[in-house]
Amino acid sequence: MGNIPTRIVSRLKSYINGYIRWYCIYVWRIKISIPSGNSSNGGQRRILSVAMRFHTVYSETPRLNMFFDKLISGKLEYVTNHTRDFVHVDDVCEAVVVLMNTDFRGPIDIGTGQSVKVSDISPNLPIKPGMAGERPDTLADITKMRELGWEPKWSVKKFLDEQGYEHKLK
């Protein structure tokens, strides 16, 4: 992950995984101080702010009682016809590191740029409607991240294949 030491990336992954698991927060702010050689501001540092919107984050250690936790533990009782842009926590960490090494500021989506039908992940379960107020579809626009040189390495299909789960994903 760029020129960031492995131990820092490991801590970042642990922090992101824990933060998402316990607080379900998908918008973060990173403040990065960058030395400025511009004499018009007296060499002061400027603060860049990035608002990252993490789409549906998953990992081998998912948030308790949520979709992937129930799937992995065999407690998933039903699925929906919603579509979700699922993004692996490793890809989220990579995206954070990429952003830390740029001067980008503003809002940005962190996802895969591909939506997956939830009912295709576990096709043998009954399909039920989602909860009231729940968004039927999510899809990250990762154009800006791609322009910065980032690409997701994980897909839900790859994850499920490696975990040995049956699915209908192509």
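Data table
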item	result
So residue 102, is it under 19 Å from residue 135 (Cα atoms), polar (S, T, N, Q) and either under 18 Å from the mean Cα position of the chain (by Cα) or at pLDDT below 90 (or both)	no
Test: residue in region 62-80 that is free of Cβ contacts under 8 Å to residues at least 24 places away in the same chain and either open to solvent by less than 50 Å² (accessible area, probe 1.4 Å) or touching a His at 6+ places or on another chain (Cβ under 8 Å) (or both)	yes
Check on residue 76, assigned to a loop (DSSP other than H, G, I, E, B) and touching a Lys or Arg at 6+ places or on another chain (Cβ under 6 Å)	yes
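The values are calculated or read from the model by the stated rules, or taken from the named source; none is laboratory data. Since the structure is predicted, the reported quantities are computational estimates derived from the model, not experimental observations. Cβ sites come from the backbone with ideal geometry, for glycine too, and all protein chains shown count toward neighbours. Heavy atoms of the whole protein, side chains included, go into the accessibility calculation; ligands, DNA and RNA do not. Shrake-Rupley method; radii C 1.70, N 1.55, O 1.52, S 1.80 Å.
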